[in-house]
There are 2 protein chains.
Amino acid sequence: MNFPSKLVENAVNQLSRLPGIGKRSALRLVLHMLKQEKNSVEQFGDSFIQLINRINYCSRCYGISDSEFCEVCSNPKRDIETICIVEDIRVMMAIESTMQYKGVYHILGGLISPMDGVGPNDIRAEELVEKVKNGAVKEVIFALSTTMEGDTTNYYLFRRLKGSGVKISSIARGIAIGDELEYTDEITLATAISSRMPYENSLAK
Amino acid sequence: MNFPSKLVENAVNQLSRLPGIGKRSALRLVLHMLKQEKNSVEQFGDSFIQLINRINYCSRCYGISDSEFCEVCSNPKRDIETICIVEDIRVMMAIESTMQYKGVYHILGGLISPMDGVGPNDIRAEELVEKVKNGAVKEVIFALSTTMEGDTTNYYLFRRLKGSGVKISSIARGIAIGDELEYTDEITLATAISSRMPYENSLAK
């Protein structure tokens, strides 16, 4: 693309470095911005500068936080003996929005993926092992994606935590609520049959 | 969504105000940024602040430019007596990339759309009429989208310019190069038949 302005070109390049935004969409967005109030575009740009300069991570769960401990970790009503292991803050936010979970979290910051060169040292695995070793942890719940990477990470953590005396569980795998069995893939169906649960446990929350 | 940080919430809100970006995608992008170098995120934010503060518009065609006249208008090889009327800079960039057009442009900055409350005074229609009245303009070429809004704008400008002695033309409407007639809509097909052109003119450039 041959841009009529270096400023536009720069803004387009910056936007199109984000995942899922191509040069054409980026140009459309930049032209949209040029139609906005100067003040609001300045706020837009400034929000990212503030973000990267002032962001904090919770000292306990490594979640994003505006203070030393995140809202969950600093809430005295939460059960700090139960730790839910999640890939990132998005999963934590999704579980929080169910309002069913009363424990705390441990944010790995990624999943083990040899294909992408991500090993155990690239995620917060050691921090979890230390936490379980030192703290009064009763249960660890794996809540990772049911993908190759999620399963690899689950298995690695399971091996590291096994023998520490802590209860290790995984969120249930089975048929999603609202799904029709006819269209469910064989692996999920087979897993759901072999991992059948007491009827009362299977009711939608 | 219940955000664990005001900074993240603010950045997500800013991004999701852009057309086509929802809250979920915005959060994904913000988390992506948090994994980048501090410096690169600062540059990202700063590019928009620079953009909105330093952007210039060409005094002749109203296109985006880093100096008083844009690259096209300041090029002595361009034919300033032929003006191509376009909706925005994206169309100008698309036409420029064909390298077939040697005239200059007039950027309307929008299309007349009564449904959206956009009237002739909200686009640079008067500026075009003045330009044709005052300048040595020989031909005006309408290159607007073949939509209701484009057609309305074409018609309005045609009525305003009619009688000024300037030649008024429109980019050809017909079957796109590479299209199969079998799948072409009836209106395009009918227009293409009634607006048939000498064979030599119809060859792909």
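The values are calculated or read from the model by the stated rules, or taken from the named source; none is laboratory data. What you see is a predicted model, and the numbers here were worked out from it, not measured in a lab. Cβ placement follows ideal geometry from the backbone for every residue including glycine, while neighbour counts extend to all protein chains displayed.
Is there a residue in region B:75-89 that is under 17 Å from the mean Cα position of the chain (by Cα), assigned to a helix (DSSP H, G or I) and in the same structural domain as B:Thr152 (by TED's automatic domain parsing)?
Yes - at least one qualifying residue is present in region B:75-89.
Only one of the numbered conditions (1) buried (at least 18 other Cβ atoms within 10 Å of the Cβ); (2) modelled with pLDDT under 90; (3) more than 7 Å from chain A (Cβ to nearest Cβ); (4) under 26 Å from the mean Cα position of the chain (by Cα) is violated by B:Thr98, and that is (1). Inspection of region B:84-91 identifies no residue that is in contact with a Lys or Arg (Cβ under 7 Å, 6 or more places away or on another chain), among the acidic types (Asp, Glu), facing another protein chain (nearest Cβ under 7 Å) and closer than 28 Å to B:Lys131 by Cβ.
Within the span defined as region B:121-143, every residue fails to be under 22 Å from A:Arg24 (Cβ atoms) and surrounded by fewer than 18 Cβ atoms within 10 Å (Cβ to Cβ).
Does B:Arg90 satisfy being touching a Leu at 6+ places or on another chain (Cβ under 9 Å), crowded, with 17+ Cβ neighbours inside 10 Å and basic (Lys, Arg)?
On the way: touching a Leu at 6+ places or on another chain (Cβ under 9 Å): yes; crowded, with 17+ Cβ neighbours inside 10 Å: no; basic (Lys, Arg): yes.
Against the criterion (touching a Leu at 6+ places or on another chain (Cβ under 9 Å), crowded, with 17+ Cβ neighbours inside 10 Å and basic (Lys, Arg)), B:Arg90 does not qualify.
Checked against (1) assigned to a loop (DSSP other than H, G, I, E, B); (2) away from every other protein chain (no Cβ under 11 Å), A:Glu71 passes all but a single condition, namely (2).
Take the conditions (1) surrounded by 12 or more Cβ atoms within 10 Å (Cβ to Cβ); (2) at pLDDT 90 or above; A:Thr188 misses just one of them, which is (2). For region A:25-61, a tally of residues being surrounded by 20 or more Cβ atoms within 10 Å (Cβ to Cβ), more than 15 Å from B:Leu18 (Cα to Cα) and more than 7 Å from chain B (Cβ to nearest Cβ) returns 3. Listed conditions (1) in contact (Cβ under 8 Å) with a residue 24 or more places away in the chain; (2) out of contact with any Phe, Trp or Tyr (no Cβ under 8 Å at 6 or more places or on another chain) are all met by B:Ser97, apart from (1).
Checking each residue in region B:166-185 for being surrounded by 10 or more Cβ atoms within 10 Å (Cβ to Cβ) and either within 25 Å of B:Ile83 (Cα to Cα) or touching a Phe, Trp or Tyr at 6+ places or on another chain (Cβ under 7 Å) (or both) picks out B:Val166, B:Lys167, B:Ile168, B:Ser169, B:Ser170, B:Ile171, B:Ala172, B:Arg173, B:Gly174, B:Ile175. Taking the criterion of being in a loop (DSSP other than H, G, I, E, B), more than 7 Å from chain A (Cβ to nearest Cβ) and within 19 Å of A:Ala94 (Cα to Cα), the only residue of region B:1-20 that qualifies is B:Phe3.
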